Amino acid sequence: MTLLLAGFITFGCESDLALVEPAIEAKLEEETFSKSFNLSEIKEMTDFTNLRQGDFTGRFLILSRGNNLPANIERSISSAGGEIVKTFPEIGVAVAVSRSDNFLSQASTISGIESITPDMILQYTKEPSLIGDEQVIERGQNGISSRKVTSSGTPFNYQDAFFDGWQWAPGSIDAPKAWDNGFTGEGIRVAVIDGGFHSAHTDLAPNLDVASSLSTVPDFNFNEDTGTFWHGTHVAGIVAASGDGIVGIAPKATIIGVKSLHSGSGAFEWILEGILYAATPQSKGGAGAQIINMSLGAEFPIRDLWQEEGFRKAFQELQKVYDRATTYAYQNGVTIIASAGNGASNYDVERGLFKFPAQNRHVLSISSTGPTGWVLGNENFTQLAYYSDHGKALLDFAAPGGTLGLALVDGNFNRCTLIGTLVSTSGICAIFDQVFSTVRGGTNSSYNWAQGTSMASPAVAGVVALMMEANGGSMNPAQVKTRLIQSSTDLGKPGQDEIYGHGYVNAAKAVGLN
């Protein structure tokens, strides 16, 4: 398991930073599946406060043979001992609960149904767990006064951000040049499907569409989660932090918070519903997103588990369910961007792996890069992060996601001072090679460092928002991919390669600047 050095900061100067764990995508163990599919009765889950990987929700995903649900499906499922509790008619999927021990076998014979798969809880991201004392500096204390962004219009005055000088990632993809020319992502709607969103955060509130934000997790609002990191909050800040404390890649884009995970865990149903809601036009009751960011993932070891009949069937059907959802988004003109994963695997070599949703249809998968010793003067921003999954079979593009390689690979735990325009801080040098963004913390102005492909994916989402604005406010997914290929920096082997995919994204070139 990789490690993350971080400390919570809310507008302060000096702080010692502790050792914590990073966001890591789910890996499914063989033992889980060998036990999981000898099913007799699955009871419906009603308590979602203590989710565990491998827990069944007691609900079943029903996939029709075509894109339309069979007529009288409610009556047929009832006759088999179940009850339809939700339908997604736009992709031919329904959700049922069972009232009978032999529901699966009975319902599988219904005409027009391709499969019925038990839904389960998976860990899609892992929140940092602190080792040592948490260091929190509240805004307004210790002589640190707050500042507001006072400029507006063109160009965007990103240097008014309180933590100006603390962010290496935007510069590594030439975002400041786009901002200098007035490109901010204004008018573009980006749905972030993740955990909870700290809706009162001073850097998120100006851009957050609260009315359109929603939770697909039972019993929780979109702005609820556990702990003080809040993965979704960190990701949303990378996309579109407004410039109060930090600057997102698209600092005036609209964020739609879609909570489909709780404490990093979630059911397939919740994420499925999140994709469909985000991709549905507002006129039809959806979020009306133009871009969906999914900094989450579940890795299926197909080769190891393919002989397990239950796993094989479940994997095939769950893949089809997600493919229908991502295709629905594509057909609605919505671009989906997802993190490649943090398992350090080469998918061209380890061919027995499959990543949800990064390898689903029409999804752009992003690897992570980061410098080793940025504060020491190193600007090797485009080197692959030690943890990043990669391979031509997996990747589309690369972006800055941060790395602790200086400490955890090179063994350099020396301390450095990061000197910003307005405020400075000290800590282990490697800390500052990560991505600095918004978190829940203890106030409405809290920030933290983190590393992961979870941080790289929203950087690309922000670039796409800038690109869409430059294109007059809209682009379909095929146009987005083509433009990204044309504008990204071709590193590594010529053309698509296993490290950078089609290239390292460049915001200035994406909006048409040389």
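The values are calculated or read from the model by the stated rules, or taken from the named source; none is laboratory data. Keep in mind it's a predicted model, so treat the numbers as computed, not measured. All Cβ positions, even for glycine, are placed from backbone atoms using ideal geometry, and neighbour counts span all protein chains on display. Note: areas computed on protein heavy atoms with side chains; ligands, DNA, RNA excluded. Shrake-Rupley method; radii C 1.70, N 1.55, O 1.52, S 1.80 Å.
Determine whether I84 is in a loop (DSSP other than H, G, I, E, B) and either modelled with pLDDT of 95 or more or in contact with a Cys (Cβ under 9 Å, 6 or more places away or on another chain) (or both).
Answer is no for this residue.
Out of (1) at pLDDT 90 or above; (2) polar (S, T, N, Q); (3) out of contact with any strand residue (DSSP E or B) (no Cβ under 9 Å at 6 or more places or on another chain), the odd one out for N67 is which?
Going through (1) at pLDDT 90 or above; (2) polar (S, T, N, Q); (3) out of contact with any strand residue (DSSP E or B) (no Cβ under 9 Å at 6 or more places or on another chain) one by one, N67 breaks only (1).
Quick one: would you say K252 is surrounded by 24 or more Cβ atoms within 10 Å (Cβ to Cβ) and either free of Cβ contacts under 8 Å to residues at least 40 places away in the same chain or of a type in the set (K, R) (or both)?
Taking the combined requirement at face value, the residue does not satisfy it.
Would a scan of region 477-487 turn up a residue that is out of contact with any Cys (no Cβ under 8 Å at 6 or more places or on another chain), within 21 Å of I256 (Cα to Cα) and either of a type in the set (V, I, T) or modelled with pLDDT under 95 (or both)?
yes
What do you reckon, is L484 touching a residue at least 60 places away in the same chain (Cβ under 8 Å) and either under 23 Å from S365 (Cβ atoms) or surrounded by 19 or more Cβ atoms within 10 Å (Cβ to Cβ) (or both)?
yes
Tell me yes or no: at least one residue of region 194-203 is over 24 Å from S368 (Cβ atoms) and acidic (D, E).
No, the conditions are met nowhere in region 194-203.
List every residue pair whose Cβ atoms sit under 6 Å apart, with the two residues 6 or more apart in sequence or on different chains, where the first one lies in region 192-210 and is open to solvent by 20 Å² or more (accessible area, probe 1.4 Å) and the second, anywhere, is among the acidic types (D, E).
T202/D244
Specify which of the listed residues (G441, G402) is part of a loop (DSSP other than H, G, I, E, B) and at pLDDT below 95.
Exactly one of G441, G402 is part of a loop (DSSP other than H, G, I, E, B) and at pLDDT below 95, namely G441.
Going by the conditions given, is I121 part of a loop (DSSP other than H, G, I, E, B) and within 33 Å of the chain's Cα centre (by Cα)?
So I121 fails the test.
Of the numbered conditions (1) over 19 Å from A314 (Cα atoms); (2) touching a residue at least 24 places away in the same chain (Cβ under 8 Å); (3) open to solvent by 40 Å² or more (accessible area, probe 1.4 Å), Q106 fails exactly one; give the number of that condition.
Answer for Q106: the failing condition is (1).
Quick one: how many residues across region 53-65 are open to solvent by less than 30 Å² (accessible area, probe 1.4 Å) and closer than 14 Å to S115 by Cβ?
So the count comes out to 5.
Can you name every residue in region 94-106 that is assigned to a strand (DSSP E or B) and either of a type in the set (S, T, N, Q) or more than 27 Å from Y330 (Cα to Cα) (or both)?
Within region 94-106, V97, S98 meet the criteria.
Among S79, S100, S115, which is the only one that is of a type outside the set (D, E, K, R) and open to solvent by 40 Å² or more (accessible area, probe 1.4 Å)?
Criteria check complete, one pass: S79.
Considering only residues that are at pLDDT 85 or above and more than 23 Å from I366 (Cα to Cα), which ones fall in region 295-328?
Matches in region 295-328: E317 only.
Is it the case that region 168-190 has a residue that's open to solvent by less than 10 Å² (accessible area, probe 1.4 Å) and either among the charged types (D, E, K, R) or over 26 Å from F381 (Cα atoms) (or both)?
Yes: region 168-190 contains one or more residues that are open to solvent by less than 10 Å² (accessible area, probe 1.4 Å) and either among the charged types (D, E, K, R) or over 26 Å from F381 (Cα atoms) (or both).
Name every residue in region 211-232 that is open to solvent by less than 50 Å² (accessible area, probe 1.4 Å) and part of a loop (DSSP other than H, G, I, E, B), in order of residue number.
Hits for region 211-232 are S212, S213, T216, V217, P218, F220, F222, D225, T228, F229, W230.
Are any residues in region 492-514 under 24 Å from the mean Cα position of the chain (by Cα) and either part of a loop (DSSP other than H, G, I, E, B) or farther than 18 Å from A175 by Cβ (or both), and if so, which ones?
Hits for region 492-514 are Q496, D497, E498, I499, Y500, G501, H502, G503, V505, N506, V511.
How do the strands (runs of 3 or more DSSP E) wholly within region 262-305 filter down when requiring 2 or more residues that are among the hydrophobic types (A, V, I, L, M, F, W, C) and touching a residue at least 12 places away in the same chain (Cβ under 8 Å): which remain?
Because the criterion is at least 2 residues that are among the hydrophobic types (A, V, I, L, M, F, W, C) and touching a residue at least 12 places away in the same chain (Cβ under 8 Å), the strands (runs of 3 or more DSSP E) in region 262-305 that meet it are 291-294, 298-301.
Report yes if some residue within region 500-513 is of a type in the set (A, V, I, L, M, F, W, C) and over 26 Å from N181 (Cα atoms); otherwise report no.
no
One residue is enough: does region 427-434 have a residue meeting the conditions closer than 19 Å to N293 by Cβ, surrounded by 24 or more Cβ atoms within 10 Å (Cβ to Cβ), under 19 Å from the mean Cα position of the chain (by Cα) and modelled with pLDDT under 95?
For region 427-434, residues closer than 19 Å to N293 by Cβ, surrounded by 24 or more Cβ atoms within 10 Å (Cβ to Cβ), under 19 Å from the mean Cα position of the chain (by Cα) and modelled with pLDDT under 95: present.
Looking at region 409-425, can you tell me whether even one residue there is open to solvent by 50 Å² or more (accessible area, probe 1.4 Å), of a type in the set (K, R), more than 16 Å from M455 (Cα to Cα) and part of a strand (DSSP E or B)?
Yes, region 409-425 contains at least one residue that is open to solvent by 50 Å² or more (accessible area, probe 1.4 Å), of a type in the set (K, R), more than 16 Å from M455 (Cα to Cα) and part of a strand (DSSP E or B).
Kindly indicate which of N471, N412 is over 23 Å from the mean Cα position of the chain (by Cα) and closer than 22 Å to V190 by Cβ.
N471
I need a count of the residues in region 64-89 that are of a type in the set (S, T, N, Q), within 25 Å of T327 (Cβ to Cβ) and free of Cβ contacts under 8 Å to residues at least 24 places away in the same chain.
1
So which of I116, I110, I91 is modelled with pLDDT under 95, hydrophobic (A, V, I, L, M, F, W, C) and part of a loop (DSSP other than H, G, I, E, B)?
I110
For region 237-260, give me each residue that is within 24 Å of L422 (Cα to Cα) and either outside any loop (DSSP other than H, G, I, E, B) or among the polar types (S, T, N, Q) (or both).
Within region 237-260, G237, I238, V239, A240, S242, V247 qualify.
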